[in-house]
Amino acid sequence: MDGLIQGKIAIITGAGSGVGHAAALLFAQHGAKLVVSDIDAVAAETTAAEIRAAGGDAIAQPCNVANAAQVDALVAITVQTFGRLDIIYNNAGITIQPAPGQGLKNFVDATQEDADRLFGVNVYGVMNGCKAALRQFEAQGGGGVIVNTASVAGLIGYGGVVYGATKGAITSLTRTLAIEVASQNVRVNSVCPAGMPTKFMPGGNSARGIASMSASHPLGRPIDPAECASAALFLASDLASNITGVNLPVDGGLSAGQSLRKSS
Ligand SMILES: NC(=O)c1ccc[n+]([C@@H]2O[C@H](COP(=O)([O-])OP(=O)(O)OC[C@H]3O[C@@H](n4cnc5c(N)ncnc54)[C@H](O)[C@@H]3O)[C@@H](O)[C@H]2O)c1
């Protein structure tokens, strides 16, 4: 049986770890040919090698998404290798790393450098991916799918202020760009995960980090990166053929509201 994105050519950024790694394996299982990209060249190659070892088709291409020229080159290499581009999953993202033993930085303590770094990757990185993909989609005669990784922090107040501002920018961009490019038959959606035990936050996959995420999510556990990858696959596939401009929470009910029930 064919996979959900059989024969499609897909780029995934930040695919050396966490959600991007899980999505790369899942997209390949569903028949896509992949350009696995990450700022960490070794991590990207490791993911691509895993896909090839499982019988899939993937190349690795290092790319800093904050650098528009590198993102343009990423799309160019994809087209040189596989002949076209059907799907871009703009997933790479970072947060402000707390100092050892410290919690999230308060807004007033976040520096201009912190903000520039986060906006550079989380916002301009996604814009760079969208622009480069849209130019290629147009050159191919229209059609194409963009999936972004935003965050539950782009839907509700949650986590650091600067990080939330970058993710709010992505949920807004996703809606507005979806409208702008709908006439070109391009769909634009995002996934909005809540806490995932990845390398993203130091201690995010420690017992303490997992307990804290479990307590704040109504379903009582963190999000598995594979669960976020499944949502991205759905949005990338024809199962979502009439869905655009959606920011899909993958958050164990976190953005649905707060329970008034006392926990037993
Ligand atoms: N982990 C969470 O709790 C959580 C929650 C909500 C949203 N997110 C979002 O999910 C996405 C993936 O995060 P993750 O949890 O898998 O984190 P992760 O740290 O495990 O993976 C992120 C990957 O992005 C790469 N990367 C970092 N900067 C880059 C750049 N400039 N260019 C290209 N690649 C770069 C890293 O090398 C890494 O491989 C991010 O957009 C993040 O904001 C994460």
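Within the full protein context, the accessible area of Glu138 is estimated at about 140 Å² for a probe radius of 1.4 Å.
Kindly express, to the nearest 10 degrees and within the range 0 to 90, the angle between helix 207-216's C-alpha long axis and the longest C-alpha principal axis of the chain. Relative to the chain, helix 207-216 is tipped by roughly 90 degrees.
Using only side-chain charges placed at the Cβ, +1 for Lys and Arg and -1 for Asp and Glu, the dipole size of segment 72-179 relative to its Cα centre rounds to 220 debye.
Given a cut-off of under 8 Å on Cα pairs at least six residues apart, what relative contact order in percent is computed for the chain?
Details: 547 pairs, mean separation 48.0, N = 264.
With pairs under 8 Å counted, the relative contact order is 18 percent.
Mean residue ellipticity at 222 nm from the helices of the chain, using -39,500 (n - 2.57) per DSSP H segment of n ≥ 4 over the full residue count, to the nearest 500 deg cm²/dmol? Let's see the in-between values first.
Numbers: 8 runs with 105 residues, N = 264.
It lands at -12500 deg cm²/dmol.
Report the FRET efficiency, 1/(1 + (r/R0)^6), for Asp57 and Asn205, where r is their Cβ-Cβ distance and R0 is 22 Å, rounded to 0.05. Please list the in-between numbers first.
On the way: r = 30 Å, r/R0 = 1.37.
Calculated value: 0.15.
Ranked by the mean number of other Cβ atoms within 10 Å per residue, highest first, peptides 11-21, 84-94 order as 11-21, 84-94. Computed from the alpha carbon atoms alone, the convex hull of segment 192-264 holds 107 Å³ per residue.
The distance separating the Cα centre of segment 211-232 from that of segment 54-132 comes to 22 Å. Comparing Ala232, Ala165, Val186 along the charge dipole axis of segment 145-264, the residue lying farthest to the positive side is Ala165, per the Cβ-charge model.
Note on the chain: with a GNM built from Cα contacts shorter than 10 Å, the maximum mean-square fluctuation among Gly101, Gly252, Gly125 falls on Gly101. Taking a ≥ b ≥ c as the square roots of the Cα gyration tensor eigenvalues, with a/c under 1.5 meaning rounded and otherwise prolate when a/b beats b/c, else oblate, which class fits segment 1-70? Prolate, because a/c is 1.5 or more and a/b exceeds b/c.
If you average 1/r across every pair of different Cα atoms in the chain and take the reciprocal, what Kirkwood value do you get, in Å?
Details: mean 1/r = 0.0541 Å⁻¹.
Its Kirkwood hydrodynamic radius stands at 18.5 Å.
With every protein chain present, what is the per residue accessible area of the chain (1.4 Å probe, Å²)? The partial results should precede the final answer.
Numbers: 12480 Å² over 264 residues.
In whole numbers, the chain has 47 Å² accessible per residue.
For the residue pairs Lys131/Lys167; Lys105/Lys131; Lys105/Lys199; Lys8/Lys131, the C-alpha atoms sit more than 26 angstrom apart in Lys105/Lys131. In the chain, taking the dipole from charged Cβ atoms about the Cα centre, the farthest positive-side position among Gly14, Gly209, Ala132 is held by Gly209. Across Gly154, Gly144, Gly220, mean-square fluctuation computed from a Gaussian network of the chain (C-alpha pairs under 10 Å connected) peaks at Gly220. From largest to smallest, the equivalent ellipsoid semi-axes obtained for segment 80-176 from the alpha-carbon gyration tensor read 31, 13, 10 Å.
With all protein chains in place and ligands, DNA and RNA left out, the 1.4 Å accessible area ranks Val161, Val246, Val152 as Val161, Val246, Val152, largest first.
The alpha carbons of segment 63-115 give a radius of gyration and a Dmax of 17.1, 49 Å, in that order. Computed from the Cβ-Cβ distance with R0 of 45 Å, the FRET efficiency linking Val108 to Gln6 stands at 0.35.
With both labels modelled 7 Å from their Cα along Cα-to-Cβ, the Glu180 to Ala69 distance reads 2.4 nm. For the chain, the longest principal axis of the alpha carbon atoms and the long axis of helix 161-181 meet at an angle near 30°. When Asp57, Asp109 are compared by accessible area of protein heavy atoms, the largest-first order is Asp109, Asp57, using a 1.4 Å probe.
Computed over protein heavy atoms with a 1.4 Å probe, the carbon and sulfur contribution to the accessible area of the chain reaches 55%.
The values are calculated or read from the model by the stated rules, or taken from the named source; none is laboratory data. Since the structure is predicted, the reported quantities are computational estimates derived from the model, not experimental observations. Glycine also receives a Cβ, built like all others from the backbone with ideal geometry; neighbour counts cover every protein chain displayed. Accessible surface is based on the protein model in full, side chains and every heavy atom, while ligands, DNA and RNA are left aside. Shrake-Rupley method; radii C 1.70, N 1.55, O 1.52, S 1.80 Å.
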